[in-house]
Amino acid sequence: MKDITILSGKGGTGKTSITAALASVIENTVFVDADVDAADLHIIFQPKNKETHVFEGAWVASIDTDLCTNCGLCQQHCKFEAIHFKSDGGLQIDPFACEGCRLCERVCPTQAISSMRSINNHWYVSDTRFGPLVHAKMGPGEENSGKLVTQIRKSAKDIALEIKADFILNDGPPGIGCAAIASITGADAVILVTEPSKSGFHDIVRLIELVQSFNIPMYALINKFDINLDITKQMESFFAREGIQLMGKLPFSEEMVYSMVEKKTMVEYNKDSEIVNTLSELWKKIASSELKMEH
Amino acid sequence: MAFKVAIASGKGGTGKTTFAVNLFSSINENWTRSVQLVDCDVEEPNDLLFFPNFSVKSEKPVEHVIPEIDTAKCTFCKKCEDYCEFNAIVMMPSMQYATVNKDLCHSCGACFVACEFDAIHETTDTIGTVTNYNIGNEMSLMEGNLRIGSPLQTILIKDLKNNLVGEHDILIYDAPPGTSCPVVETISDADFVILVTEPTPFGVYDLKLTVDLLREVNKPFGVFVNKAGLGNSEVYEFLKAENIDLLGEIPFSKEYAGLYSKGEIVRCVPLEFAKVYKEVVEYLKKLN
Ligand code: SF4
Ligand code: SF4
Ligand code: SF4
Ligand code: SF4
């Protein structure tokens with residue numbers, strides 16, 4: 001079984017549409033929407049929910065004003081300026097500023113502070129027309145998205161082992177932070193989706209630096225290559241220099257957007273398009289390549 | 001106090017950066033020259049790419065205090081490890097080994113309070129940089145840049161804001177994508193938030209999540225639609241039903257996408273687009 005993650009540095013490069021299009025091409029795969037902060041794959045996948053799980057988020061402290069003597073000790077210790085005096089003189093904790101370190105709870109002489117884990121995050125196991133999908137929804141302003149990504153990838157792996165899937169395909173989160181790191185850890189390969197713009201180039205260079213530190217094979221795909229042929233060229237030579245195989249280039253296509261509006265994958269929308277051809281070729285190459293086998 | 005406007009979008013790639021950069025220049029032209037652009041997308045700061053003639057005015061590393069364990073004094077009582085909610089302290093008493101994983105440490109200070117044996121001392125670690133750029137015409141851009149691999153996005157954004165240089169009437173915060181902690185940190189002191197979206201099912205779904213967040217933290221906001229005409233009308237129906245102000249829209253054009261890709265947007269905004277940004281500026285003037 002091969003565990004493959006699709007990443008793009010920044011959002012908006014068409015990564016989710018490409019993941020969806022691939023879903024129509026690949027068989028026997030478990031899908032993971034690892035962009036837990038803004039999960040969108042379900043819009044096209046139309047999942048039928050089978051299991052719902054609560055994912056416990058960070059601790060959030062709160063003050064019991066009946067026990068509090070307003071000594072201010074907690075406020076002095078909180079490094080995150082989350083504890084404030086209210087207009088009525090009492091103290092309160094701003095749940096959005098609280099990092100959940102629980103130090104205030106430990107220093108309070110009257111045990112007026114207690115912490116609870118937020119339960120605003122959920123993750124789901126669903127059936128879809130392409131196979132099982134593990135996805136999540138984070139509560140607004142939550143932290144720990146990296147841990148949630150690790151959780152859903154673990155669940156996907158269990159499912160993949162059980163049904164003897166050939167692949168796990170992760171639609172990764174944007175950025176290069178902890179969620180992106182959690183979506184790469186232990187993967188067998190990363191597919192980089194980029195677009196030829198100055199910012200796209202800048203983002204992909206940072207992302208490559210990150211993935212290289214994990215020593216995982218990378219494949220690149222340039223989307224909307226015809227928007228700027230100069231930058232496309234520069235990217236091609238950059239990938240060559242870095243030893244990253246360019247698996248294909250997709251033209252800019254309004255069809256990509258309209259397939260999304262109709263909640264269809266590109267294959268379902270127009271299976272004869274150039275995009276579908278390129279993606280099928282790409283998948284054939286990746287599926288037959290010698291990926292590092294870990295399992 | 002400066003009037004602070006944050007630019008956010010649930011989903012990446014909606015054109016948030018383009019919007020922030022253009023709004024910034026439009027304010028500079030049509031309102032006040034005392035405006036500063038602050039790139040809070042510290043994982044992938046991109047605003048600077050639109051100002052090729054920049055020069056660095058000042059740059060400073062952002063350090064945060066992390067503990068260092070003196071194994072000569074440590075009794076391996078493990079109290080600090082127990083206090084650390086972020087699993088940043090690793091110790092193996094049998095081997096007299098104790099260390100701090102600096103990438104996990106949130107600098108909360110709990111372990112310092114925990115240790116009764118004076119075995120923990122302060123040291124610092126660099127989590128990124130804050131840079132102040134001169135971007136021509138006396139305009140200033142400040143940017144935070146997170147060290148690759150560091151999870152302390154939120155802390156760096158806070159540091160960036162604490163280190164803003166110069167007195168400005170207006171600050172434009174370009175927020176990271178999404179709806180999680182770093183976004184909340186960016187908008188926390190904003191007077192108004194502009195959500196940039198695109199009229200596609202993905203765009204609308206993510207917009208709804210962001211609207212939920214803004215209502216929860218009680219921030220006034222309006223919506224700007226980018227790439228208008230590219231998808232369907234769902235976003236307009238949503239804004240109407242929820243009574244949310246539509247601040248303006250910019251039609252999708254492949255030519256414009258080409259300009260954007262070259263980072264040439266500021267000097268090449270077509271006239272009719274410049275008008276749209278000016279209207280947003282007028283809207284903000286009324287709020288201030
Ligand atoms: S430390 Fe405890 S008693 Fe003192 S102000 Fe804080 S909550 Fe109140
Ligand atoms: S748990 Fe930590 S961050 Fe939260 S209020 Fe207490 S001291 Fe501050
Ligand atoms: S400062 Fe806080 S996060 Fe860092 S090691 Fe100490 S207890 Fe852990
Ligand atoms: S609390 Fe102090 S003495 Fe105890 S294990 Fe930690 S560093 Fe060592």
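The values are calculated or read from the model by the stated rules, or taken from the named source; none is laboratory data. Quick caveat, the model's predicted, so the values are computed rather than measured. Cβ placement follows ideal geometry from the backbone for every residue including glycine, while neighbour counts extend to all protein chains displayed.
When the stretch A:111-127 is limited to residues that are assigned to a loop (DSSP other than H, G, I, E, B) and within 16 Å of ligand 2 (Cβ to nearest atom), the one that is surrounded by the fewest Cβ atoms within 10 Å (Cβ to Cβ) turns out to be A:Q111. The residue that is surrounded by the fewest Cβ atoms within 10 Å (Cβ to Cβ), counting only those in the stretch A:167-179 that are touching a helix residue (DSSP H, G or I) at 6+ places or on another chain (Cβ under 7 Å) and within 11 Å of chain B (Cβ to nearest Cβ), is A:C178. Does A:V36 count as surrounded by 23 or more Cβ atoms within 10 Å (Cβ to Cβ) and either under 26 Å from A:L7 (Cβ atoms) or away from every other protein chain (no Cβ under 12 Å) (or both)? So A:V36 fits the description; yes. Can you say whether B:G178 is more than 16 Å from ligand 2 (Cβ to nearest atom) and surrounded by fewer than 23 Cβ atoms within 10 Å (Cβ to Cβ), as far as the supplied structure shows? So B:G178 fails the test.
Please verify whether A:D230 is more than 14 Å from every other protein chain (Cβ to nearest Cβ), over 20 Å from A:G9 (Cα atoms) and without any contact (Cβ under 8 Å) to a residue 60 or more places away in the chain, treating the condition exactly as stated. Spelling it out, it is not the case that A:D230 is more than 14 Å from every other protein chain (Cβ to nearest Cβ), over 20 Å from A:G9 (Cα atoms) and without any contact (Cβ under 8 Å) to a residue 60 or more places away in the chain. When the stretch A:60-110 is limited to residues that are in a loop (DSSP other than H, G, I, E, B) and either of a type in the set (K, R) or touching a Phe, Trp or Tyr at 6+ places or on another chain (Cβ under 7 Å) (or both), the one that is farthest from ligand 3 (Cβ to nearest atom) turns out to be A:K86. Just one of A:N49, A:N70 is more than 16 Å from ligand 4 (Cβ to nearest atom), surrounded by fewer than 23 Cβ atoms within 10 Å (Cβ to Cβ), over 30 Å from A:P196 (Cα atoms) and touching a residue at least 40 places away in the same chain (Cβ under 8 Å); which is it? Criteria check complete, one pass: A:N49. Among the residues of the stretch A:192-213, those identified as of a type in the set (A, V, I, L, M, F, W, C) and either touching a strand residue (DSSP E or B) at 6+ places or on another chain (Cβ under 7 Å) or more than 10 Å from chain B (Cβ to nearest Cβ) (or both) are A:L192, A:V193, A:I204, A:V205, A:L207, A:I208, A:V211.
For the stretch B:31-69, filtering for residues that are in contact with a Leu (Cβ under 7 Å, 6 or more places away or on another chain) and part of a loop (DSSP other than H, G, I, E, B) leaves 5. The residue of the stretch B:113-131 that is farthest from ligand 1 (Cβ to nearest atom), among those that are within 18 Å of B:K102 (Cβ to Cβ) and among the acidic types (D, E), is B:D125. From the residues in the stretch A:62-82 that are in contact with a Gly (Cβ under 9 Å, 6 or more places away or on another chain) and away from chain B (no Cβ under 11 Å), which one is nearest to B:C84 (Cα to Cα)? So the residue we want is A:I63. For A:R206, are the conditions met, namely being more than 21 Å from A:G12 (Cα to Cα) and either surrounded by fewer than 23 Cβ atoms within 10 Å (Cβ to Cβ) or outside the structural domain of A:D37 (by TED's automatic domain parsing) (or both)? For A:R206, the condition - more than 21 Å from A:G12 (Cα to Cα) and either surrounded by fewer than 23 Cβ atoms within 10 Å (Cβ to Cβ) or outside the structural domain of A:D37 (by TED's automatic domain parsing) (or both) - is not met. I'd like to know if the stretch A:141-161 contains one or more residues that are over 15 Å from the mean Cα position of the chain (by Cα) and assigned to a strand (DSSP E or B). Taking every residue of the stretch A:141-161 in turn, none turns out to be over 15 Å from the mean Cα position of the chain (by Cα) and assigned to a strand (DSSP E or B). Inspection of the stretch B:35-57 identifies no residue that is within 15 Å of ligand 4 (Cβ to nearest atom), within 14 Å of another protein chain (Cβ to nearest Cβ) and over 23 Å from B:A2 (Cβ atoms). Within the stretch B:84-116, being within 11 Å of ligand 4 (Cβ to nearest atom), in a loop (DSSP other than H, G, I, E, B) and crowded, with 16+ Cβ neighbours inside 10 Å holds for B:C84, B:C115.
From the list A:R129, A:R117, the one residue that fits, being over 21 Å from the mean Cα position of the chain (by Cα), more than 16 Å from ligand 3 (Cβ to nearest atom), among the basic types (K, R) and within 12 Å of chain B (Cβ to nearest Cβ), is A:R117.
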